[in-house]
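Novice: Can you keep this structure in mind? I'll have questions shortly.
The values are calculated or read from the model by the stated rules, or taken from the named source; none is laboratory data. If you're wondering where the values come from, they're calculated on a predicted model, not measured in any experiment. Please note: Cβ atoms are built from the backbone with ideal geometry, for glycine as well, and neighbour counts cover all protein chains shown. The accessibility values were calculated without ligands, DNA or RNA, using every heavy atom of the protein model including side chains. Shrake-Rupley method; radii C 1.70, N 1.55, O 1.52, S 1.80 Å.
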Amino acid sequence: MERITTKALAEAFIDEQVREVRAQVGDKKVLLALSGGVDSSVVAALLIKAIGKQLICVHVNHGLMRKNESENVIEVFQNQLDANLIYIDATDRFLNLLAGVADPETKRKIIGGEFINVFADEARKLDGVSFLAQGTIYPDILESVKQGEGKKAVKSHHNVGGLPDDLAERFELVEPIKLLYKDEVRVVGRALGLPSEMVDRQPFPGPGLGVRCLGAITRDRLHALREADAILREEFDKCGLNQTVWQYFIAIPDIKSVGVKDDSRYEGWPAIIRAVNTKDAITATIEEIPYKILHTITNRITNEVEGINRVLYDLTPKPTGTIEWE
Ligand code: XMP
């Protein structure tokens, strides 16, 4: 298959997929878990074009999204594309289950498992849905082949995992972008008119801020993380680093240090900046961020975010660090 590198090729791909999806689903309903990531967003936009309101999008907010992320999903899909969108705020469900859980892999399992529970509960309420759309892309298929060959993964990287049997048996899959690589998905997304903040979005792990609020998650530290991360992203946007750095984010460990604010002792968490470049996420190098920008970010985070009194910059490549801290 020719690689999709231009708008014209993307438009031809979209036309072909619109025809195929219509032929596959007829007048039946299709369900999609819409996280707001590049892949599920492109599938949603493609299916809205093909079958309109026959597509039911479910957006589960697990309370571990970045600032304004769920709001953007609602704005783009419900308000601009007039999608059939069910929004579920499951923040309390997730955070209650995660309370006191410090082990990274247990956190991942809880988040992945609860995501399926919430999605499955919603799916069971819907009548007449015969298809499940998924944003599977070609590297996902290659990765599952590798795992099937018994290679040991460093982290479980589970996002959704498998649906319970009763639902898995009920649904036929619709996977319109399963032969595409990520860069092709982005070209198709642009041709479908999706906004750049969605199409060019940096990778964001399925367990979201859950693996960046290190150790046992608390609501106050999660809030500080979300605000600090929003400042980092805003400053990277302003100086163009968003165009050159592959992935950048804040992690906050579960430790406090002594600091000083308004002439008084101020115990707070450190915010750790991670900014890496990579081709395949298997190895990664560190982006050199100009000191001036690091100072601006530090000033803003320590002044604007409640609970943070220091900002650190992680200089560790992968290996020995992984990209995420958990
Ligand atoms: P690591 O930390 O393993 O991350 O160097 C490599 C890439 O994978 C992302 N990542 C995840 N993605 N579910 C995901 O969907 C996960 O559990 C997960 N853990 C890490 C990470 O953001 C980086 O891009």
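Novice: May I ask you to list the residues in region 282-326 that are in a loop (DSSP other than H, G, I, E, B), among the aliphatic types (A, V, I, L, M), within 13 Å of the ligand (Cβ to nearest atom) and open to solvent by less than 90 Å² (accessible area, probe 1.4 Å)?
Specialist: Ile323 - this is the single residue of region 282-326 that is in a loop (DSSP other than H, G, I, E, B), among the aliphatic types (A, V, I, L, M), within 13 Å of the ligand (Cβ to nearest atom) and open to solvent by less than 90 Å² (accessible area, probe 1.4 Å).
Novice: In addition: If we scan region 242-254, do we find a residue that is within 16 Å of the ligand (Cβ to nearest atom) and among the acidic types (Asp, Glu)?
Specialist: So far as region 242-254 goes, no, none of its residues is within 16 Å of the ligand (Cβ to nearest atom) and among the acidic types (Asp, Glu).
Novice: Name the residue that is nearest to Asp103 (Cα to Cα), counting only residues in region 211-238 that are of a type outside the set (A, V, I, L, M, F, W, C) and in contact with a Phe, Trp or Tyr (Cβ under 8 Å, 6 or more places away or on another chain).
Specialist: Filtering first and then ranking leaves Arg212.
Novice: Looking at region 217-231, which of its residues are assigned to a helix (DSSP H, G or I) and away from the ligand (no atom under 15 Å from the Cβ)?
Specialist: Arg219, Asp220, Arg221, Leu222, His223, Ala224, Arg226, Glu227, Ala228, Ala230, Ile231
Novice: Does region 218-238 hold any residues that are open to solvent by 10 Å² or more (accessible area, probe 1.4 Å) and small (Gly, Ala, Ser), and which are they?
Specialist: Ala230, the sole residue that qualifies.
Novice: Something else: Take region 102-157 and flag every residue that is within 12 Å of the ligand (Cβ to nearest atom), among the acidic types (Asp, Glu) and at pLDDT 95 or above.
Specialist: Across region 102-157, the qualifying residue is only Glu105.
Novice: Kindly list the number of the only condition in (1) under 24 Å from Gly215 (Cα atoms); (2) open to solvent by 90 Å² or more (accessible area, probe 1.4 Å); (3) aliphatic (A, V, I, L, M) that fails for Val260.
Specialist: (1)
Novice: In region 188-197, how many residues are surrounded by fewer than 21 Cβ atoms within 10 Å (Cβ to Cβ) and either touching a residue at least 24 places away in the same chain (Cβ under 8 Å) or within 16 Å of the ligand (Cβ to nearest atom) (or both)?
Specialist: Count: 5.
Novice: Among the residues in region 268-276, are any part of a loop (DSSP other than H, G, I, E, B) and without any contact (Cβ under 8 Å) to a residue 40 or more places away in the chain?
Specialist: For region 268-276, residues part of a loop (DSSP other than H, G, I, E, B) and without any contact (Cβ under 8 Å) to a residue 40 or more places away in the chain: absent.
Novice: Whether any residue in region 199-216 is more than 23 Å from Ala33 (Cα to Cα) and in a helix (DSSP H, G or I) is what I want to check.
Specialist: No: zero hits.
Novice: While we're on this one: Out of region 291-326, which residues are touching a Phe, Trp or Tyr at 6+ places or on another chain (Cβ under 8 Å), hydrophobic (A, V, I, L, M, F, W, C) and touching a residue at least 60 places away in the same chain (Cβ under 8 Å)?
Specialist: Ile308
Novice: Could you run through region 198-209 and say how many residues are more than 9 Å from the ligand (Cβ to nearest atom) and open to solvent by 30 Å² or more (accessible area, probe 1.4 Å)?
Specialist: Count: 2.
Novice: Go through (1) of a type in the set (D, E, K, R); (2) within 16 Å of the ligand (Cβ to nearest atom); (3) surrounded by fewer than 19 Cβ atoms within 10 Å (Cβ to Cβ) and name the single condition Arg274 misses.
Specialist: Failed condition: (3).
Novice: Looking at Glu105 and the list (1) part of a loop (DSSP other than H, G, I, E, B); (2) more than 24 Å from Ile177 (Cβ to Cβ), which single condition is not satisfied?
Specialist: Of (1) part of a loop (DSSP other than H, G, I, E, B); (2) more than 24 Å from Ile177 (Cβ to Cβ), only one is false for Glu105: (1).
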